[in-house]
Amino acid sequence: MPLKPARAALIPLFAAMALLAACDNQQESTEASAAAPQVGVVTVEAQHFVMTTELPGRTRAYRVAEVRPQVSGIIQKRLFEEGSEVKAGQQLYQIDDAVYAAALQSAEASRLSAGTLADRYEVLVKDRAVSQQAYDEARAAKLQAEAALERARIDLRYTRVSAPISGQIGRSAVTEGALVSNGQAQALATIQQLDPIYVDVTQPARELLALRRALDSGRLQKAGDNAARAVLRLEDGSEYEHEGKLEFSEVSVDEGTGSVTLRAVFPNPDRILLPGMFVHAQLVAGARSDAILVPQQGVTRNPRGQAVAMVVNDQNQVEQRIIQTDRTVGNRWLVSDGLKVGDRLITEGLHMVQPGMQVEPVPAANVDDATGTAATSGQEG
């Protein structure tokens, strides 16, 4: 049966309303999607962190001894190979000893004469055949002769120039036939002990003060046996295979640079380290059991230069935090204030968000892993 005209006229109206409702739903869905963009987040976790400081430094010989003559004379022989290892007490040079041998014989004769006279007067003084003064003078002459004899023996022994320490000897400054003298300014050779070897590095005094304050306040724990541990990175970028330990720091601050000197000692059995080499020393400064390390992608700077982080709260809204960064640890920041465990840090999509905006958090894809796990050791950035 044909529809009434009024009812037939309503059909297009219902179709138009349905189409309009569908368009409104699609627009609302599009607006909701635009109002809640997806952002990549990393959940902040506490980690055990061993704090290290990397400082440039120079190697220094453990001991240095300059070989000098203690008697005068002509060098007869050189008894070592330049650049070789020598032992303490090993003979290095022979000085002509003819004069000193003759002086020793003369001293022995004087000692014999003075001793004989003193012994004779000792008998005669008992019988009052000589005065007590004469006997005392004879005894004094005997003692003087004995001292002269000992000095002659020492001078003769000093014609054998020996190594004062064990180590590597450098080039010889004299050759056979050269005249040397006692007390001369020029050293005959220099011996350096290279195993172990020192590494001297400098650290700004302000960083040393900050480290001590952190230890005193308990924010930073002492690293126990690792507190004196040190490792080296050589000038070519390779890591030195032997581990060293921290020896001491200077008790005064350099007025020109405002820094203190730290000294570490390293074993050097293969003589890889030579005096004067430039190295980087990593010194263990302490440990934190609840350190917060976050990816650098999640930290920006505001116009004031302050470090800023964006986090997603429980209502999936963006919050802006001013944070305190202490140092870099690889590709992460060590944060001391502004973030806490459980915070969801935005590392992906920062350019799309503003504080207070509603977002949809998803695991970040622009970091090493979704949890932001970092290495357990770090160094000064």
Q | Total residues in the range 63-116, condition among the basic types (K, R) and closer than 27 Å to V199 by Cα | A | 2
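With respect to E54, is the statement that it is among the acidic types (D, E), at pLDDT 90 or above, surrounded by 15 or more Cβ atoms within 10 Å (Cβ to Cβ) and within 30 Å of G338 (Cβ to Cβ) true?
Details: among the acidic types (D, E): yes; at pLDDT 90 or above: no; surrounded by 15 or more Cβ atoms within 10 Å (Cβ to Cβ): yes; within 30 Å of G338 (Cβ to Cβ): yes.
It is false that E54 is among the acidic types (D, E), at pLDDT 90 or above, surrounded by 15 or more Cβ atoms within 10 Å (Cβ to Cβ) and within 30 Å of G338 (Cβ to Cβ).
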**Q.** Contacts under 7 angstrom Cβ, first residue in the range 284-297 being more than 15 Å from G342 (Cβ to Cβ) and assigned by TED's automatic domain parsing to the domain that holds M310, partner modelled with pLDDT under 80 and small (G, A, S), 6 or more apart
**A.** V284/A223; V284/A227; G286/A223; A287/A223; P295/G372
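Given the structure, is A185 at pLDDT 95 or above, more than 27 Å from P269 (Cα to Cα) and surrounded by fewer than 14 Cβ atoms within 10 Å (Cβ to Cβ)? Working first, answer last.
Working: at pLDDT 95 or above: no; more than 27 Å from P269 (Cα to Cα): yes; surrounded by fewer than 14 Cβ atoms within 10 Å (Cβ to Cβ): yes.
No.
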Q. Do any strands (runs of 3 or more DSSP E) lying entirely in the range 40-132 carry at least 2 residues that are among the β-branched types (V, I, T) and out of contact with any Gly (no Cβ under 6 Å at 6 or more places or on another chain), and which ones are they?
A. 46-67, 73-78
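Only one of these is acidic (D, E) and either modelled with pLDDT of 90 or more or part of a loop (DSSP other than H, G, I, E, B) (or both): D290, D368, D326. Name it. Walk me through it before giving the result.
Values: D290 fails: either modelled with pLDDT of 90 or more or part of a loop (DSSP other than H, G, I, E, B) (or both); D326 fails: either modelled with pLDDT of 90 or more or part of a loop (DSSP other than H, G, I, E, B) (or both).
Matching residue, one of D290, D368, D326: D368.
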Q.
So, in the range 242-275, how many residues would count as being small (G, A, S) and assigned to a strand (DSSP E or B)?
A. 4
Q: Kindly indicate the residue of the range 221-238 that is more than 15 Å from L283 (Cα to Cα) and small (G, A, S) and also modelled with the highest pLDDT among those meeting that condition.
A: S238
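For the structure I just gave you, tell me whether D314 is within 30 Å of R229 (Cβ to Cβ) and among the charged types (D, E, K, R).
Values: within 30 Å of R229 (Cβ to Cβ): no; among the charged types (D, E, K, R): yes.
No.
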Q: Look at A34 and say whether it is more than 43 Å from the chain's Cα centre (by Cα) and either exposed (fewer than 13 other Cβ atoms within 10 Å of the Cβ) or modelled with pLDDT under 95 (or both).
A: yes
Q | Close pairs from the range 173-185: first under 19 Å from A65 (Cβ atoms), partner in a strand (DSSP E or B), Cβ under 6 Å, at least 6 apart | A | V174/I75
Q | Pair list, Cβ under 9 Å, 6 or more apart: the range 187-211 residue closer than 30 Å to E66 by Cβ, other residue among the acidic types (D, E) and in a strand (DSSP E or B) | A | A187/E66; L188/E66; A189/E66; T190/E66; I191/E66; Y198/E247
Q) Pairs under 9 Å by beta carbon, first residue farther than 18 Å from E150 by Cα in the range 103-122, partner of a type outside the set (V, I, T) and not in a helix (DSSP H, G or I), six or more apart or different chains? A) Y121/A129
Q: Report, by residue number, each residue of the range 296-317 that is of a type outside the set (S, T, Y), in a strand (DSSP E or B) and surrounded by fewer than 20 Cβ atoms within 10 Å (Cβ to Cβ).
A: R301, A307, V308, Q317
Q: Kindly indicate which of L350, L262, L274 is touching a residue at least 12 places away in the same chain (Cβ under 8 Å), among the hydrophobic types (A, V, I, L, M, F, W, C) and surrounded by 21 or more Cβ atoms within 10 Å (Cβ to Cβ).
A: L262
Q. If you take the residues of the range 147-166 that are in contact with a helix residue (DSSP H, G or I) (Cβ under 6 Å, 6 or more places away or on another chain) and small (G, A, S), which of them is nearest to L194 (Cα to Cα)?
A. A152
**Q.** Candidates I95, I169 - the one that is under 30 Å from L274 (Cα atoms), touching a residue at least 40 places away in the same chain (Cβ under 8 Å) and either of a type outside the set (D, E, K, R) or exposed (fewer than 13 other Cβ atoms within 10 Å of the Cβ) (or both)
**A.** I169
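The values are calculated or read from the model by the stated rules, or taken from the named source; none is laboratory data. Given the structure is predicted, the values throughout are model-derived calculations rather than measurements. Cβ sites come from the backbone with ideal geometry, for glycine too, and all protein chains shown count toward neighbours.
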